[in-house]
Amino acid sequence: MKKVLTTIFLFSILSQVCAQQFSDLSFFKNEGFDKAIISYYKVSDKTSSMPKSSLSDALMNPQTTTNLSALDDNEKTLSKKIGEAILTKNETCKLFKIIKKKFTNSYALDTNTDVIINFYANDLIIQNISISLNTKNIKLKKEGCEKVFEEEIEKDPCLFLGQMTEKMEEYVVNILKTKKLMK
């Protein structure tokens, strides 16, 4: 019982010390950038695939020597860039109008990002949107912001993690189809 209480106490302290995001989206602005580029990726998640036969043989027969480090070279998640396109001024304006609507503050554990929208100023990324069409996760981030420390809690005032609305998802998919990045 004492171990359980100690574990709960430590977990509650550590959860408060970790970085937190702000729920205010005012940091993410439709200004200060030269161009916006949308990129679409095909994501293959191998975490649920069957193990290779040599790995399963090694597990079934531990006396055989197998080079398991060679099997670990394969990544669990593979991301292949399908293509990218520059967003027009109208597409960017509509995107920011949709962003100003309220998002859900929940964020799924799956972080397989398949859409990235980068906003550039002088060929440097100043803002970024990462989207998972599978989980509806959205991450808005502005580069170059200082973290805030309040009472042992680290907060990132230029980070938002949440779930996008259906309207946002429809708009992003429509852009991808219009730009011929998605079928």
Checklist outcome for this item: ASN134 and GLU166 label points (each 7 Å along its Cα→Cβ direction) are spaced in nm at 2.3 nm
Next on the checklist: Could you derive backbone 3J(HN,Hα) for the stretch 81-92 from the dihedral phi with the Karplus parameters 6.51, -1.76 and 1.60 (θ = phi - 60°), listing whole Hz in sequence and x where the residue is Gly or Pro?
Outcome noted: 6, 7, x, 8, 8, 7, 7, 6, 4, 5, 5, 5
Item to check | Counted charge near GLU84, where neighbours are those whose Cβ lies closer than 12 Å (Asp, Glu -1; Lys, Arg +1) | outcome: +4
Checklist entry - Scattering from the C-alpha atoms of the stretch 100-183 alone, worked out with Debye: what is log10 I(q)/I(0) at q = 0.12, 0.17 1/Å? => result -0.42, -0.80
Checklist entry - If you stretched the chain out fully between SER106 and ASP24, how much longer would it get, using 0.36 nm times the residue separation minus the C-alpha to C-alpha distance? => result 28.1 nm
Checklist entry - If the limit is 32 Å between Cα atoms, which of LYS155/LYS180; LYS155/LYS183; LYS147/LYS183; LYS155/LYS177; LYS101/LYS147 go over it? => result LYS155/LYS180; LYS155/LYS183; LYS147/LYS183; LYS155/LYS177
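A short reminder: the numbers here are calculations on the coordinates, not readings from a lab. As the structure is a computational prediction, the values presented were derived from the model and not from experiment. A quick note on method: Cβ atoms are made from the backbone with ideal geometry, for glycine too, and the neighbour counts reach across all protein chains shown.
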